[in-house]
Structure formats: C-alpha cells, structure tokens
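Q: If you scroll down you'll find the structure; I have some questions about it.
Since every read-out is calculated from the coordinates, none of them should be taken as a lab result. For clarity, every value in this text was computed on a predicted model and none was experimentally measured. So basically every Cβ, Gly included, is an ideal-geometry build from the backbone, and we count neighbours across all protein chains shown.
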Amino acid sequence: MFWTRRRRNGRKQITGGRHALMPIPLTGGLLSGEVRDNEGKPLAGAEVSIFDRASKRVARSDTDLYGFFAAAVMPGSYRIRAEAGGYQSQYARTDVQWGTHNALGDLTLVPDKTLTVPTPGLYEIDPEHSAIRFVARHIAMSRVYGQFMEFSGHIHIAERFEDSQVEVQIDAESVFTNAEKRDAHLRSADFLDVARFPKLHFSSHRFSRPGGNRWLIDGELTLHGMTSDVQLDATYLGMQEWNGMRAGCTATTELHREHFTVNWQEILARGVPVVGSTIQVTLDIQGVLQT
C-alpha cells in the first residue's frame, strides 16, 4: 500500500492510517493540530471545537501535555476554534477528505489583556455574590451537595502579583445540605464540632500563575482545630464595574477528612463507607475593590 502527501489550502493532506495520530475511520478523515501560546510553548488543556457548515459542533478535544489534538470527522468543510483561559480564541478553516489526515499545524493563541491580573489593591469578598460549596460521596452511590452560608474575607492583590494574599473566615455552624438532620450531624462532634471549633480559617502564603488566567494559591486551612496545607486551583474571570469595581474568580480544591481528624465513619456491608473521605470544594468569589 502507498501513502501520498499533497498540499491543500497550505496544509498537509496525508493519506493512509500509518501517518495518523489515531486510526482514520473507514467513512471519514482525521483532523489534527497543535495549540501554542505566543511564545511558541504548547498549551495543554486548551479546548478545540470543530464545527460543520451548519455551525453544529461535531467534535471536541482537549489538547494533551504537548498541545496536540486529533479528531475523526466525516468528509467536509470545517471551522476550528481553539480557546484557553486567559487567551483570545483562535479560528481556522479547512476541508477534510475521505481517507486523509489533515494536519493543521500550529494554532497560536495570544494573551487576553483583560484577563491578566486585577488592579492592585484590597478586595473585600462580597458574600451575597459569592459561594463556598462542597461535594461528598454517600455510600459510594451518590453525591451530597452542601455549602457554607456565612463567611467573610479579603484578597490583597499586590503590585508584585506573587506577593498577593487572601484570608477567609467561615462560620462552621452555617453548613447547609438541605437536610435538617444531616446538617445537625455535621455540626456535631462527629464532624465539624462547631461548639469547640466555630470557625474555619484559610490564609494564603503564596500566589503563582502557571499561565493564562489560571492561578495557584497555596495556603493553610484550619478546620476542626487542625491546620493542613491546601492548594486552590483558581481561574480569574476578569473585572467589572457594578456597585463598585469587582474582580471575580472560581477555585477548586480537594480535602481529605483524615487530615483534619474528622474521622467519623460507619461501614456498610462489603466494606462500603457511608461517607467518603475525600471532599471536593468549589468557590465562586466576587471581591469589591476598596477605595
């Protein structure tokens, strides 16, 4: 069997599956490319969407650690959109033919200057437009969703971003899962023990920016009288003027109950725990710049 290459619209068309990143389907073709930043570095985790002539998304792929993506599609004309947090979206158009591998080459994303860092200053967290939520596994079958209803804090964005700080106080008694008995149990000595430890406290000691609008915030969380290191994986959402100048971000982290000596557990048949040991935490934060 022979493999041939030919140029179409300035891009390589490669026939035969041997050159492909993945098998070429019998009824279609393969489309691949690389997403890089303006310095030529690969962008891992960038989202690539492929749209047909009717603007219907027919494929979606996240780039790997080297910025590569690949998708099998039917023969036709397509529009490709590459996007990543903190960067302007990039578009390309191409045709895919039956039995071919269309290698797009590089798609370069340039930084979105509106998503660099907030204006330096002190931001008070607005609890009415912010939320601290968590998810826990229940008997290895479903998830229990909850949140803390009362909290306060501030974020100080320094002139040198790495010197920024955040501090948050959470009222442990305000835990809410929409089940009165469960909430009472969470407040008891089995879990949060709010009578002895009425507050959860997070204080950062390092900010860093891996790229785009992603921040990593390292700090310490005190819960149930114990302090443990925690890293928040945050996404900066930009600034808006509404009842003051506001900055927004989301953040996620994963907590392990045993790190805070919250060890209550009940085991069902076959060793299934009633409550999972890992808690997923999500924060949606708006901070108001203080003048």
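Q: Just for the Cα atoms in the range 115-289, what are the lengths along the principal axes, largest first, rounded to whole Å?
A: 54, 30, 28
Q: Given the peptides 179-190, 40-51, arrange them by the average over their residues of other C-beta atoms within 10 Å, most packed first.
A: On the way: 179-190: 13.8, 40-51: 17.6.
Ranked by mean Cβ neighbours within 10 Å, highest first: 40-51, 179-190.
Q: Looking only at Gly85, Gly146, Gly76, which one moves most when the chain is put into a Gaussian network model with springs between Cα atoms under 10 Å?
A: Result: Gly76 has the largest fluctuation of those listed.
Q: Here's something else I'd like to know. Between the range 100-147 and the range 189-265, what is the separation of their alpha carbon centroids in Å?
A: First find each Cα centre; the distance between them is then 14 Å.
Q: When only DSSP loop residues count, what chymotrypsin sites (Phe, Trp or Tyr not before Pro) in the range 72-179 have their Cβ near at most 15 other Cβ atoms within 10 Å?
A: Working: sites: Tyr78, Tyr87, Tyr91, Trp98, Tyr123, Phe134, Tyr145, Phe148, Phe151, Phe161, Phe176; in loops: Trp98.
Qualifying residues, ordered by number: Trp98.
Q: Work through the residues other than Arg81 whose Cβ is under 12 Å from its Cβ and net out their charges, Lys, Arg +1 and Asp, Glu -1. Write out the running numbers ahead of the final one.
A: Details: positive: Arg57, Arg60, Arg79, Arg93; negative: Glu47, Glu83.
With Lys, Arg at +1 and Asp, Glu at -1, the net is +2.
Q: Still on this structure, I have one more. Tell me what the chain gives for mean residue ellipticity at 222 nm when only DSSP H runs of n ≥ 4 count, each as -39,500 (n - 2.57), the sum divided by the residue total, rounded to 500 deg cm²/dmol. Walk me through the numbers before you get to the answer.
A: Numbers: 1 runs with 8 residues, N = 291.
Helices in the chain give a 222 nm mean residue ellipticity of -500 deg cm²/dmol.
Q: Hey, what do the phi angles of the range 140-148 turn into as Karplus ³J(HN,Hα) couplings, whole Hz, using 6.51/-1.76/1.60 and θ = phi - 60°, x for Gly and Pro?
A: Once θ is set to phi - 60°, the couplings for the range 140-148 become 6, 10, 9, 10, 9, 9, x, 7, 9 Hz.
Q: Mind checking the range 191-276 for GluC sites (Glu not before Pro) that DSSP puts in a loop (not H, G, I, E or B) and that have at most 14 other Cβ atoms within 10 Å?
A: Numbers: sites: Glu220, Glu241, Glu254, Glu258, Glu266; in loops: Glu266.
Passing both the DSSP loop test and the Cβ count: Glu266.
Q: Could you go through the range 122-134 in sequence order and give the Karplus-derived ³J(HN,Hα) for each residue, using 6.51 cos²θ - 1.76 cosθ + 1.60 with θ = phi - 60°, rounded to whole Hz, and x for Gly and Pro?
A: 9, 10, 8, 5, 8, x, 6, 10, 9, 8, 10, 10, 9
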